[in-house]
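So the structure is just underneath, and the comments pick up after that.
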Amino acid sequence: MEGPGYYGGMNREVGEPTPTPEPAEAAPAGAAKRPAKKAAKRRAAKKTAKAAAKRRGAKKTAKKAAKRRTAKKAVKKAAKRRTAKKTAKKAAKRRTAKKAVKKAAKRRTAKKTAKKAAKRRGAKRTAKKAAKRRTTKRTAKKAAKRRTAKKSAKRSTRRR
C-alpha cells in the first residue's frame, strides 16, 4: 500500500503507511445502558431505604406517642384514685364527726335525765322528810294535848 495511508500521511522514516489502529473489541449490545441501569437501581434502593427509615421513624414516634398516652392515662387513673381516697377519707371523717355529735347528744340527754332523776330523788327525800316532820308535829301535838288533859284532870281532882 503505497501512498497515503488510511489515516493519511506516510511514515516518514520508513516510508510505510501508518498502521491503522486495531479496532477495539466490540462491546455487547446493552453495554452503554448498564451503568445507567445500575445507577437507577442504586437510586431506587436509596429511595426504598429512605422510605423504610421513615417508616421505622414513624413507628418509633407512634410507639412513643402510645407510651405517652398510656402514661397520661396512668397518671389520670392515679389522680382519680387519689381523689377517690380523699373523698373516702372526708366521708369517713364526716361519719366519725356525726357519730361524735350523736354520742355527745346522748351524753347530754343522759346528763339531763340523771339530773331529773336526782331532782326527783331529792324531791322524794324532802317529801319524806316533810311527812316525817308532819307526823312528829302531830304526835307532839297529841302528846301536848294529852299533857294538858292530864294537867286539867289533876287540877279538877285537886279542887274536889
Next on the checklist: Testing ARG155 on (1) surrounded by 10 or more Cβ atoms within 10 Å (Cβ to Cβ); (2) at pLDDT below 95, one condition comes back false. Which one is that?
Outcome noted: (1)
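Is at least one residue of region 38-59 modelled with pLDDT under 75, at negative phi and over 60 Å from the mean Cα position of the chain (by Cα)?
So in region 38-59, the residues modelled with pLDDT under 75 come out as none.
No, the conditions are met nowhere in region 38-59.
The values are calculated or read from the model by the stated rules, or taken from the named source; none is laboratory data. These numbers were taken from a predicted model, which means no experiment stands behind them. Please note: Cβ atoms are built from the backbone with ideal geometry, for glycine as well, and neighbour counts cover all protein chains shown.
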